[in-house]
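In what follows, a single structure is set out as structure tokens and then discussed.
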Amino acid sequence: MKDNGLMAPGDALCAGCGQATAARIVVDTAGPNTILVNATGCLEVSTSLFPTSSWEVPWIHSLFENTAAVAAGVEAALKYQDKLGEVKVIAQAGDGGTADIGLQALSGMWERGHDVLYVCYDNSAYMNTGVQRSSLTPFGASTSTSPSGSHSGGNPFREKNMLKIAAAHHIPYAASASVGYPRDLRRKVKKALSIKGPKYLHVLVPCPLGWRHETRLTIKLGKLAVETGLFPMVEYEYGEITAVYKIKEIAEVEEYLKPQGRFAHLFDDSEKSLNQLERIRDLAKYNINYYGLLKE
């Protein structure tokens, strides 16, 4: 069965997968003259089951660590053929392939100034291999390598700020988006692809498997992450903030955390859990004040 999209139906991604929706929006917005480079991960294994492919555009599978390097090579080849611009290059990877294993190659691609849009689909853990903690797993989340229990309150670390890391490279464009706001995501893809040079798009994509939420809540959680202040949607150009998505009314972090099984241990009324909840509230408040998220 085919539709008019460039990511055909029939993949093996989970029901309610936020990454599936976001990836479809990205490739459909980019259009048919696009070459995709895809790191190992959920999106790669579920859309390329031999002998089929979900992709209606040229698509290359790379390893976790070299997605940005492969994309840079594709860009260089297109430049040599004088086809760059006519054909766009998009690299896509999960949070582990971006913030952990692939960070070195990504930094190099940014530094050398390759004309590539790199998209990180952030589902906040290594979902494809057993929900292990990544450096983008939020504080307090229970994963298979940071399990909650009598001696642990889940992930003890605060996640990296990949958007700031990208901005620190002074690349032309870096932005965060959420699958909860598809119109905003389309706009940012269009804007990124209209700019020459390296671009970075960090997209939050709720994962029913790893976040342990009902599949029907994917889009709602994508919105609540933004409305609580825990996931600011911000745009940087050449290292400077140029736009911030403003929130009309701040939502309570509990409204976002409670539907997710990975945070269930935070609601047992113990002193440890109450302290963890307070820290998460503080993280949200910090973002709200730092980025000026509240609409006046």
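The values are calculated or read from the model by the stated rules, or taken from the named source; none is laboratory data. Remember, predicted model here, so these are calculated numbers, not experimental data. Here the Cβ is made from the backbone with ideal geometry for all residues, glycine too, and neighbour counts use every protein chain on show. For the accessible areas, the whole protein counts, side chains as well, though only heavy atoms, and no ligand, DNA or RNA atoms are used. Shrake-Rupley method; radii C 1.70, N 1.55, O 1.52, S 1.80 Å.
Do you know which residues across segment 172-196 are open to solvent by less than 10 Å² (accessible area, probe 1.4 Å) and either among the aromatic types (Phe, Trp, Tyr) or on the phi > 0 side of the Ramachandran plot (or both)?
Across segment 172-196, the qualifying residue is only 173.
Does any residue in segment 164-176 that is in contact (Cβ under 8 Å) with a residue 60 or more places away in the chain and more than 20 Å from residue 229 (Cβ to Cβ) come within less than 6 Å, Cβ to Cβ, of a residue that is open to solvent by 50 Å² or more (accessible area, probe 1.4 Å) and not β-branched (Val, Ile, Thr) six or more places away or on a different chain, and which pairs are these?
170/238; 173/237
Criterion first (open to solvent by 60 Å² or more (accessible area, probe 1.4 Å) and in contact with a strand residue (DSSP E or B) (Cβ under 7 Å, 6 or more places away or on another chain)) does residue 215 satisfy it?
no
What is the residue count in segment 128-148 for residues that are more than 21 Å from the chain's Cα centre (by Cα) and touching a residue at least 40 places away in the same chain (Cβ under 8 Å)?
Residues meeting the conditions: 1.
Using beta carbons and a limit of 7 Å, which pairs, at least six apart or on different chains, have the first residue in segment 13-27 and within 17 Å of residue 118 (Cα to Cα) and the second one open to solvent by less than 20 Å² (accessible area, probe 1.4 Å) and in a helix (DSSP H, G or I)?
Short answer, once both residue conditions are applied: 19/43; 22/185; 23/43; 25/185; 26/189.
Does residue 277 satisfy being assigned to a helix (DSSP H, G or I) and over 21 Å from the mean Cα position of the chain (by Cα)?
Values: assigned to a helix (DSSP H, G or I): yes; over 21 Å from the mean Cα position of the chain (by Cα): yes.
Taking the combined requirement at face value, the residue satisfies it.
Matching residues to (1) over 20 Å from residue 136 (Cα atoms); (2) charged (D, E, K, R); (3) over 19 Å from the mean Cα position of the chain (by Cα):
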{"site": "220", "(1), (2), (3)": "yes, yes, no"}
{"site": "230", "(1), (2), (3)": "no, no, no"}
{"site": "235", "(1), (2), (3)": "no, yes, no"}
{"site": "281", "(1), (2), (3)": "no, yes, yes"}
